[in-house]
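To keep things clear, I will list the structure first and then write my remarks on it.
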């Protein structure tokens, strides 16, 4: 036999545990508790995936805001607020959407898509201006900072 001294045997290290899944994949547990992470892991993944798919289906329709785009909708509404956003959506070159976001005095937001309208109105307004419009008319009074108030007409193209 050898004359060398053997170091004393060290106790085995504790198994690493993940906060949510316990000691999944590290062998049997010696505490005797139930390990829900190993047995129900595929069920948890299935439930999380199903919730994700349902969220993708239903949340965009719940969070989307109403877009006013027809001539009758715009004619019958009143506007009293400030223009907050002005942008175009030209993802399809044949269909350019002119979008305006108006913040009303009561705090609501209205989004207008002037796709079927002539772009003259869209070209003449800019972001800090205020809009005043009465129901039943297509004339919009625009309050400008550098010029006196101007009356602009929203004209829709005939099909």
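The values are calculated or read from the model by the stated rules, or taken from the named source; none is laboratory data. This is a predicted model, so every value here is computed, not measured. In this analysis, Cβ positions are derived from the backbone assuming ideal geometry, glycine residues included, and neighbour counts consider all displayed protein chains.
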**Report entry** residue 78 being in the same structural domain as residue 145 (by TED's automatic domain parsing) and either surrounded by 11 or more Cβ atoms within 10 Å (Cβ to Cβ) or at pLDDT below 90 (or both)
**Finding:** yes
**Report entry** Test: residue 123 is exposed (fewer than 12 other Cβ atoms within 10 Å of the Cβ), free of Cβ contacts under 8 Å to residues at least 40 places away in the same chain and within 24 Å of residue 145 (Cβ to Cβ)
**Finding:** yes
Query raised in the report: Hey, any hits in the stretch 43-50 for a residue that's surrounded by 11 or more Cβ atoms within 10 Å (Cβ to Cβ) and in contact (Cβ under 8 Å) with a residue 40 or more places away in the chain?
Result: no
Report summary line: Counting only residues in the stretch 89-116 that are touching a helix residue (DSSP H, G or I) at 6+ places or on another chain (Cβ under 8 Å) and assigned to a strand (DSSP E or B), the one nearest to residue 144 (Cα to Cα) is identified as 100
Requested in this report: Exactly one condition in (1) within 15 Å of residue 67 (Cβ to Cβ); (2) out of contact with any strand residue (DSSP E or B) (no Cβ under 8 Å at 6 or more places or on another chain) is not met by residue 109; state its number.
Outcome: (2)
Query raised in the report: Which of the residues that make up the stretch 48-88 are within 17 Å of residue 156 (Cα to Cα) and in a helix (DSSP H, G or I)?
Result: 71, 72, 73, 74, 75, 76
